[in-house]
Amino acid sequence: MPGSSDDRLKSELKKLIVETCRKKIDPETVPDDSPIIGQGSFLELDSLDVLELSVALKNNYGVRIMDSKDAFIKMKSINALADTIRPN
Amino acid sequence: MSDSLPVYIYSAAALGPHGDLSSGERAPIRGDAQNVDLSDLMDRFNTPELRRASHFSQLSLISASEAIRRLDSPIDETAPLYFSTGLGEELGTSALFEDVMQGRGESSSPFAFVNSVNNTTAFFLSKIAGLSGQSLIISQEEFSFECALRSACGDISLGESCHALVGGTDEVSLPRADHLTRIDLREDQPAGEGSGWLYLGKERAKAIGEIVILEEFTKVDCISSDMIGAIIKPCISKKEKVRLLPGFRLTPEEISALGHFYPQLDVMDYLKLCGCFHTASAFGLASIFDKAEEEPVLYFHVNRNAYGRLFIVGIRVFDERPEFFKAGRSSAHLLPSPDK
Amino acid sequence: MLKITGVGAVTPYGVGKEALFQGIKSGMPPSSSIPSLFNLPFSDKIKLASFDSATFDRKASSIDGLILKAVEEALHNAGLENDSLDDTALLVGATGYVAAAEAKYLEEIKKGDPRPVPLAIAGPGDTSAVLAEKLALEGPLMTVSTACTSGANALVAAERMIRLGEVRRAIVVGVELLNSLTISGFNSLMLLSPGGCRPFDAERDGIHLGEAIGAVILERAETGKPHTDEGKKGLFLCGLSSICDTHNVISLNPDGSSLLRVMKGALLAAGVSAGEIKGIKAHGIGSKDNDSAEAKAMKMLFKGEAPPFTSLKGYLGHTLAASALVETIAFFQCVEKGFLPAASGFSTEDPEIGRSPIEKQLPSIKGYFLLNYLGFGGSNTSMVLKYV
């Protein structure tokens, strides 16, 4: 099952992101398929958040983020991130 | 330095270890300060980056923003920032240090590293205050705040700036035994934390006080009442109270000896409210504006270091001040936040 | 106007300004390896410019002596080694002495303590007090700690102290010693390049960190021999500007506007027009975004007539708090000997930037030069110096 079809994994990711980036919102309100990085996105994560998340994702799921370009692709949305962790 | 003075003070605020911003909220500390949770006081800000602010940054931000909101007119956005700290961000940095030294450097937190840099706090401060000028961070142990004040007054006197925001912050990182490897304290001295801020300028109008003494002495083996008297007495005007704020490096014997040079001298032990830390003088000298006064008061702060240097700061608190400085209450509910 | 009457340095090229000059002249980065005591799981993926073991044995107790070497060289150059320093200020730019805390920690582990006290050191100000005692210096002390611009801001503060008449001269020192905490921090921010800094290059991919100590003696140009030919010659600090830009805590404003503002401020303070600048020592850190923003700012300031520019970070790495002192010293050692140094590490022009830094040593001419120093927390500093 690809990660994007696993609701439990996605819930876990939302909680991790909100806590890691110290956002004061309910993790369950984060949509699965909307952008989360950059101004105007749902979570409005900035470059420093992306770096912090990269460390958290490596520690928790062994995902390696190489640079900011890589981060933008892998963290495009919750679905994209879940699929990066578990492609199939 | 005396050629540069007086420099006037338009606003002041001090945050103590209980999250106290006004005299009504202050209380003696029992034992070492305990890093009180400041998240309620952080609610006044809506700058998104501040969710990452460390406890050290929070102490600085809450206290500085209080000084800004007590200002009678908008802050001069070209005003330079002089931020002093003896040890900087100690809680997170010591934890990060241990992580790295125990071999976990590859998975260390970028937030923790960025917060360990003093400039991050200065960046946040400039951001919430809307400042775009220079920011200088000065770290000179127990004279950190005094050096920042000296720089600010010098720059104002040179005409480099019309105003300056000057403050100092330090935090405690427990256990005490660990903290004491970074700051030397006597057994009877509680470790403290807090932050204090002054907003300065050259014009007398709207001032709530003035800086009249900023003197550093070297090779001082023994602090005598005569020596202090010779510096302070010429600054005392008739019909004013004189109060001594003893710094945390003075011994009880030295403090009582100092009392002899002036008959009606009050000794104010502000350290019992904030504990001992390198920039305690910032808390002490900003919190003197908390009290309601019927007449002008000349405060002077004396501290020394282990290298035979002595620093004296003299500040006169005017009796004519805006209501909320007299009321001795936190103005948090009176004025909108500068950030909103 | 203030004159720099003496300089001293300790760098990965060795002890002394001459070793530094010979190193830059050779065009080659110093041969250095990652000190084995650093417990860094990623050490095979980074490059550092570090002191050799003969220069520094990485003991906490050696640090003051190392700094003193640079200061004594500067005092000697200025002809002050036997003078009284009673009206001299000491300003130190330092990010803190984490290297000392690490050395202590490792010593405790060696003694058998598995969990020593972390960061068991006094504040950054203590080192300046120790130095002042050793030098019998009685003027004001000040330690400036504004990350990578610490040294630059120490110069700013020193210039004002002298101009105000508080002191006759100042010793200004920049200190940066490599440590695992800083290296890990930069690694976590994905800023470290595995191959080293390639300033303004199309393939640039980050910085490499270095360590250095630089010291200068700053005096009023009128003191000494002002009216003699000798007095009129030398290196003069003409104008400085420093700001805090609140765009982003870890990177320069990408539109170049904050750097443009601070460069203009330095020109204004020096009373010099952009057209009078003969060369630029860029910050040239080697990261994608910062170099682009710096190039943009230079383009805006100089319009079509830009002077040659270089970066020294390909040689020395980014020496953070020490960078302003050690790079200013290195740059003017070269200018004094007749050339502008090439930007080591650069090979291919970036079409986005559209200009190349100095690729091969250029003959230098006397006159005004602009030097940029940038740091975390939006700290931007520029200075104009004149060599005649």
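A few remarks follow.
- Listed peptides C:38-44, C:375-381 by packing density, highest first (mean Cβ within 10 Å): C:375-381, C:38-44
- Residue C:361-residue A:33 FRET efficiency (beta carbon distance; Förster radius 51 Å; 0.05 resolution): 0.35
- Contour excess over end-to-end distance, with Cα ends at residue C:347 and residue C:53 and 0.36 nm allotted per residue: 102.7 nm
- Distance from the alpha carbon centroid of the range C:302-369 to that of the range B:1-37 works out to 47 angstrom.
- For residues of A:62-69, the mean tally of beta carbons on other chains within 10 Å: 1
- Report note on the peptides B:118-124, A:58-64: ranked by the mean count of other C-beta atoms within 10 Å, highest first, their order is B:118-124, A:58-64.
- Positive end of the dipole of the protein assembly as shown (Cβ unit charges, origin at the Cα centre): among B:17, C:196, C:75, the Cα lying farthest that way belongs to C:196.
- Scanning chain A for DSSP H helices at least 18 Å long along the axis (C-alpha atoms) with a Kyte-Doolittle mean no lower than -1.0 picks out A:7-20, A:47-61.
- Placing pseudo-labels 7 Å out from each Cα toward the beta carbon at residue B:233 and residue C:113 gives an inter-label distance of 5.0 nm.
- Separation of alpha-carbon centers, the range A:15-88 and the range C:67-116, rounded to whole Å: 43 Å
- Extension gain from residue B:253 to residue B:27, taking 0.36 nm per residue of separation minus the Cα-Cα distance: 78.9 nm
- Taking the Cα centre of chain C as reference, the dipole from Cβ charges on Lys and Arg (+1) and Asp and Glu (-1) amounts to some 640 debye.
- Percent antiparallel among DSSP beta bridges (both partners in the protein assembly as shown, rounded to 5): 65 percent
- Only Lys, Arg (+1) and Asp, Glu (-1) charged, at Cβ; chain B dipole about Cα centre in debye: 560 debye
- For residue A:73 and residue A:22, the difference between the fully extended length at 0.36 nm per residue and the C-alpha to C-alpha distance is 16.1 nm.
- Listed residues C:216, C:50, C:345: farthest to the positive end of the dipole of the protein assembly as shown (Cβ charges): C:345
- Packing-based order for C:51-61, C:291-301, using average beta carbon neighbours within 10 Å, highest first: C:291-301, C:51-61
- Simple label model, 7 Å out from Cα along Cβ direction - residue C:130 to residue B:162, nm: 4.5 nm
- Mean Kyte hydropathy of 1.0 or more with a Cα span along the axis of at least 15 Å, helices from DSSP in chain C: C:257-270, C:323-336
- Number of partner chain Cβ atoms within 10 Å, mean per residue of C:182-193: 6
- Seen from residue B:52, the other residues with C-beta closer than 15 Å to its C-beta sum to a net charge of -2, counting Lys and Arg as +1 and Asp and Glu as -1.
- By the helix-only formula, in which each DSSP H run with n ≥ 4 contributes -39500 (n - 2.57) and the sum is divided by residues, chain A has a 222 nm mean residue ellipticity of -15000 deg cm²/dmol.
- Shielding by partners for peptide C:125-132, expressed as the average number of C-beta atoms from other protein chains within 10 Å of each residue's C-beta, is 5.
- Interatomic Cα distance distribution for the range C:1-78, bins of 5 angstrom, percent: 3, 14, 20, 20, 19, 13, 7, 3, 2, 0
- Ranked for footprinting exposure by Cβ neighbours inside 10 Å, fewest first, C:173, C:216, B:313 give B:313, C:173, C:216.
Read the figures in this text as sums done on the coordinates, not as results from a lab. None of these values were measured; they are calculated from a predicted model. Backbone-built Cβ (ideal geometry, glycine too); neighbour counts: all protein chains shown.
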